[in-house]
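Read through the structure below, which is laid out as structure tokens, and then see the notes.
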Amino acid sequence: MERARHARVHRAEAARARPSRGARRALVRRGHASRPRAAAGGWHGRPRHTRGAGAARTAGAARAVRLSVIIPTLDEAERIGERLRELAAMTGVHEVWVVDGGSRDATRERVREAPGVHLLEAPRGRARQMNAGAAAASGDVLLFLHADVALPPEAPAHVARALGDTRTVAGAFKTWTVADAGARSRLGPLLHLADLRSRYTHLPYGDQALFVRAEAFRAAGGFPEQPLMEDLELSRRLRRQGHIARVDARVRVSGRRFLARPVFYFLAVNLFPLAYALGATPEQLLGLYRHER
């Protein structure tokens with residue numbers, strides 16, 4: 001009984017020492033009591049809404065950017081009109097430049113029919129054409145778009161959010177490869193194998209709608225004017241300047257090249273970059289790459 005009496009006394013004293021609920025609220029308001037820690041879930045276990053010291057860097061995430069879209073073309077009359085209509089319907093696109101490399105079809109006519117779109121002609125070669133468009137563009141962010149790649153409607157907002165972190169110099173989207181309307185092939189289910197690269201690579205390719213701060217693009221020297229792997233080489237140079245973001249949204253990529261030459265295209269997409277990293281030159285790879293660029 002004596003032990004039970006001591007236990008009751010101890011509990012009563014502990015209750016008197018514990019602040020009341022109202023007192024605890026007052027202490028929290030005055031900053032004298034610790035608040036519950038935010039639930040972890042961001043990078044490296046930090047809260048998603050702070051990301052540690054990076055919170056100050058992301059304060060401008062909602063700030064608008066002047067987005068210049070640059071499209072290199074060569075005989076893309078069937079697709080360029082649709083791309084330009086999609087861009088015209090978006091909010092946040094500052095300007096669109098189409099840089100033609102000598103099309104023999106009606107590509108240039110389709111571009112001239114699109115209100116407000118700038119048409120530029122440059123020597124054939126994707127790197128040369130994109131560099132020419134970048135030199136003419138006035139935006140502070142450049143997005144390089146292939147004619148057979150469709151952006152999601154909210155693409156400008158994704159770009160602005162990604163570049164809200166001042167450590168980020170460039171970024172790219174994931175890909176979703178699909179067959180063109182009316183195209184039928186038993187290989188259709190294999191199209192999405194080409195999308196695996198965009199999910200895991202840290203060096204984006206051109207079909208991922210690469211976007212980059214204009215000053216970072218200039219500091220990197222633009223696209224190297226080489227016959228292949230110009231996008232991979234630029235990504236390497238940009239990564240030396242800062243972070244390259246991978247946007248959690250997908251661009252729709254035409255599967256026309258995969259369906260036309262499936263085995264070769266799959267090898268080119270997956271093995272050429274490895275060969276290039278191991279020292280193969282763009283000219284050596286070009287000897288195997290017979291597709292018109």
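Nothing in this text is a laboratory measurement; each read-out follows from the coordinates by a stated rule. Predicted, not measured: the structure shown is a model, and the values here were computed from it. Backbone-built Cβ (ideal geometry, glycine too); neighbour counts: all protein chains shown.
For the stretch 59-165, state which trypsin sites (Lys or Arg not before Pro) are in a DSSP loop and have at most 10 other beta carbons lying within 10 Å of their beta carbon.
ARG63, ARG104
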Could you tell me which residue out of VAL149, GLY125, ALA172 lies farthest along the dipole of the stretch 60-260 toward its positive end? Charges go on the beta carbon: Lys and Arg +1, Asp and Glu -1, centred on the Cα centre. ALA172
Tell me, HIS202, HIS158, HIS94 in order of fewest to most beta-carbon neighbours within 10 Å? HIS202, HIS94, HIS158
To check my understanding: the extent here is largest minus smallest coordinate of the Cα atoms along each principal axis. What are those three numbers for the stretch 60-260, in Å, largest first? 44, 36, 34
Nearest 20 debye, what's the magnitude of the dipole of the stretch 60-260 about its Cα centre given +1 on Lys and Arg Cβ and -1 on Asp and Glu Cβ? 600
Expected vector for the stretch 98-111, Karplus 3J(HN,Hα) from phi with 6.51, -1.76, 1.60 and θ = phi - 60°, integer Hz, x for Gly and Pro, equals 9, 10, 8, x, x, 4, 9, 9, 9, 4, 5, 5, 4, 5
